[in-house]
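Worksheet: the structure to be examined is printed underneath.
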């Protein structure tokens, strides 16, 4: 079993913001694999499919970003998984817009959703797919930046970025973490 979680905030207000990039990738994976994310389980919208005979659960926590870990911990218990089965997709200020960085572990780096997961999983390492959103302009708070909609330039590239990230997750599922890092950590 693999649990693929995209981080974001629920509600229309946050739908097309930078902080919801993880949700956008989950939606794309669901669309590509004919999965409906309509079941509410452990405070997350979930849907399932099978990839090469392995159960894959897609999830979008509905707890708001800073409580994502509680939903993820509940889902891992519900499906009998561990942190090793977890892949978390989220926005990252430290990467340029559109860049992907796949890692088997790491720190929160100021990301409250990731901090919540680390806390709830007692520091157990989990796979991460970090998606660059770039840094805010001088004088703008990071919290304001991540909750803003994408710029018009970013919006024009967003579809390609989300598709590329969905491909990276698919590669991780089919070919493993090492191969996905080799192919997708280089940039595009």
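Coordinate-derived values only; no laboratory data. Model, not experiment: these values are computed from the prediction. Every residue, glycine among them, receives a Cβ derived from its backbone with ideal geometry; neighbour counts consider all protein chains shown.
Worth pointing out:
- Estimated translational D of the chain in µm²/s (Stokes, Kirkwood radius over Cα pairs; 37 °C; 0.692 mPa s): 203
- Computed over the chain, the per-residue total of -39500 (n - 2.57) for DSSP H runs of n ≥ 4 gives a 222 nm mean residue ellipticity of -11500 deg cm²/dmol, rounded to 500.
- Backbone N under 19 Å from the residue 175 label point (7 Å along Cα→Cβ), restricted to the range 18-34: 29
- Angle in degrees between helix 21-32 and the longest Cα principal axis of the chain, rounded to the nearest 10: 50
- DSSP bridge analysis restricted to the range 1-110 gives an antiparallel fraction near 60%, rounded to the nearest 5.
- Kirkwood hydrodynamic radius over Cα pairs of the range 26-123, then Stokes diffusion coefficient at 25 °C and 0.890 mPa s, in µm²/s: 172
- Residues residue 182 and residue 49, FRET efficiency given R0 of 25 Å [Cβ-Cβ distance, rounded to 0.05]: 0.50
- The order of the peptides 103-114, 53-64 by mean Cβ neighbours within 10 Å, most packed first, is 53-64, 103-114.
- For peptides 94-101, 70-77, 12-19, sequence by mean Cβ density within 10 Å, most packed first: 70-77, 94-101, 12-19
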